[in-house]
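Note sheet for the following structure.
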Number of protein chains: 2
Amino acid sequence: MDDLDQEIKSISDNLSHVVPILGRIFIKGVRSKTNMTQQTLQTLGALWHHGKLTMTGIGHHLSVPKPHVTALVDRLIAEEMVERLNDENDRRIIYIQLTEKGRERFWEIKQIMTESLRASLLLVDKEKLHKLNESAQYINEILTEVGKTMIQNCSSSSECKKEIDV
Amino acid sequence: MDDLDQEIKSISDNLSHVVPILGRIFIKGVRSKTNMTQQTLQTLGALWHHGKLTMTGIGHHLSVPKPHVTALVDRLIAEEMVERLNDENDRRIIYIQLTEKGRERFWEIKQIMTESLRASLLLVDKEKLHKLNESAQYINEILTEVGKTMIQNCSSSSECKKEIDV
DNA sequence: ATTAATGGTTACAAAATTATAACTATTATC
DNA sequence: GATAATAGTTATAATTTTGTAACCATTAAT
C-alpha cells in the first residue's frame, strides 16, 4: 500500500468516525426542536445553498429515490416552504426553490444548529476553535467540489448500480 | 456578534453542509453493498472504535431511544456479529462487544467505505489530499473529544429535553 | 416520423426509525 | 429497611425512509 492509499484510508477513518457525531449535533437535536424530518431539513439546506434545484437534483443531493422526492416536495409545498418553477427551455424540468417563508424558517433552523454546535464546543478553547474553523472550511470546500461530480442521476439504488457497474 | 460567535457560525455552516455528502459517501453507498442499515453500520463502527459499550452508551452514541437499542443489538447477536458481556461489579450493566466474525465483517465494511471515498476523491490532486487528511484528522480529534462530553443519558428525545431544560 | 432517453409522477409495499409507557432487576441513598 | 435512581427489556404504535413497477409528458436521436 503506497502513501496515497494510506492517506485515503486515514481520511476515510477520520471522516466516517465523525458522521454520527455530526448527526447528533446537526440532525437529531434539531429535529426535536423543529418537528422536521432529517430529509426535510436537508432538502431546505440544499435549496438554501444552491438557490434552486431540479427534482432529480434534490434526489441526488440527498441520495433519495426519485418518487420519494415528489412526496417530500409536496409536503414542503403544502407548508408553503418551497415553490415550483418551470424551466423555459425544457418543459419537463421543474425547479424547486425556497419561498420567503422557507428562507425565514431555514434561517431559524441555522440558528438552532449553531446553538447546538456551540453547546458542544463550550469547553474547546479559542486556539482550537480557530483551527477547527479552518479545517471545517477546507473539508467543506473539497467535499462540495467532489459532491458535484459524484455519480449523477442516482435516484434509486437500482438505478445507481446500473450506472456504477458500467 | 463578536469574533468567536462569527467563528462558531462559520464552523456550523461548513460542517452542517458536509453532512449529506458524508452520508452519501459513507452510508448510502455502503448500505446497498452490505445489506446493513445505517444504525447497524454505526453500531459496529462505535464498537470497533470503543472496544466495548453499554447499551446506554450505544444509544447515546447513535442518539437512538434505549428500547430500540435492545432490538438493534438483538439483531446483531442473532447474526453473531456482537456478544453480551456482564459487568462483574454491577450486574445491571451489560457490555456489548464485537465478535471475531463482527470484527472481520466490519473490517470489510471499512474497505468498502474507503473505496467509496476513493472514488469520490479521484479528481483531487495529491497536495489537496494531504491537506484534507490533516483537516479530517483535526476535526475527528476535536469532535471525538466533545462527543464524549455531550449530554449523557439521552436515550430518547423526551429524556433528552429533561436533561437540557434544567 | 419512430424510437429512445430524460424528468417527473402515481401507486403500492416493505423496512427502518422514532416515540411512549409500563415493567424487572439491581444498586445507591436516606 | 424503605425509597429512589439506574440499566435494560417488553410491548405497541406511528412516522419516516427505502424500494419497485408502471406510467405521462417532453425532448433527443436515427
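The values are calculated or read from the model by the stated rules, or taken from the named source; none is laboratory data. Because the structure is predicted, anything quoted here is derived from the model rather than measured. Cβ coordinates were reconstructed from backbone atoms using ideal geometry, including for glycine residues, and neighbour counts include every protein chain displayed. These accessible areas exclude ligands, DNA and RNA; they are computed on the full protein's heavy atoms, side chains included. Shrake-Rupley method; radii C 1.70, N 1.55, O 1.52, S 1.80 Å.
Structure notes:
- The criterion of being modelled with pLDDT under 95, in contact with an Asp or Glu (Cβ under 8 Å, 6 or more places away or on another chain), of a type outside the set (S, T, N, Q) and open to solvent by 30 Å² or more (accessible area, probe 1.4 Å) holds for residue B:151.
- Check on residue A:9, surrounded by fewer than 21 Cβ atoms within 10 Å (Cβ to Cβ), facing another protein chain (nearest Cβ under 7 Å) and at pLDDT 95 or above: yes
- Considering the stretch B:26-44, the residues that are of a type in the set (A, V, I, L, M) and in a helix (DSSP H, G or I) include one that is farthest from the other protein chains (Cβ to nearest Cβ), namely B:44.
- The residue of the stretch A:69-84 that is nearest to DNA strand C (Cβ to nearest atom), among those that are touching a residue at least 24 places away in the same chain (Cβ under 8 Å) and more than 19 Å from residue A:104 (Cβ to Cβ), is A:69.
- Condition check for residue A:47: away from every other protein chain (no Cβ under 11 Å), more than 10 Å from DNA strand C (Cβ to nearest atom), buried (at least 17 other Cβ atoms within 10 Å of the Cβ) and within 18 Å of the chain's Cα centre (by Cα): yes
- In this entry, residue B:79 is excluded by the filter for residues that are exposed (fewer than 15 other Cβ atoms within 10 Å of the Cβ), away from chain A (no Cβ under 11 Å) and modelled with pLDDT under 95.
- The set of residues in the stretch B:86-100 that are loosely packed, with under 13 Cβ neighbours inside 10 Å and either within 14 Å of chain A (Cβ to nearest Cβ) or more than 10 Å from DNA strand D (Cβ to nearest atom) (or both) comprises B:88, B:89, B:100.
- Of all residues in the stretch B:111-126, those satisfying the criterion of being within 7 Å of chain A (Cβ to nearest Cβ) and surrounded by 14 or more Cβ atoms within 10 Å (Cβ to Cβ) are B:113, B:114, B:117, B:118, B:120, B:121, B:124.
- Check on residue A:129, surrounded by 20 or more Cβ atoms within 10 Å (Cβ to Cβ) and without any contact (Cβ under 8 Å) to a residue 60 or more places away in the chain: no
- Those residues of the stretch B:86-129 which are in a loop (DSSP other than H, G, I, E, B) and touching a strand residue (DSSP E or B) at 6+ places or on another chain (Cβ under 7 Å), in sequence order: B:87, B:93, B:99
- Within the stretch A:16-44, the set of residues being without any contact (Cβ under 8 Å) to a residue 12 or more places away in the chain, open to solvent by less than 50 Å² (accessible area, probe 1.4 Å) and not polar (S, T, N, Q) comprises A:17, A:18, A:19, A:20, A:21, A:22, A:23, A:24.
- Some residue of the stretch B:56-66 being within 14 Å of chain A (Cβ to nearest Cβ), touching a Pro at 6+ places or on another chain (Cβ under 9 Å) and near DNA strand D (Cβ under 8 Å from one of its atoms): yes
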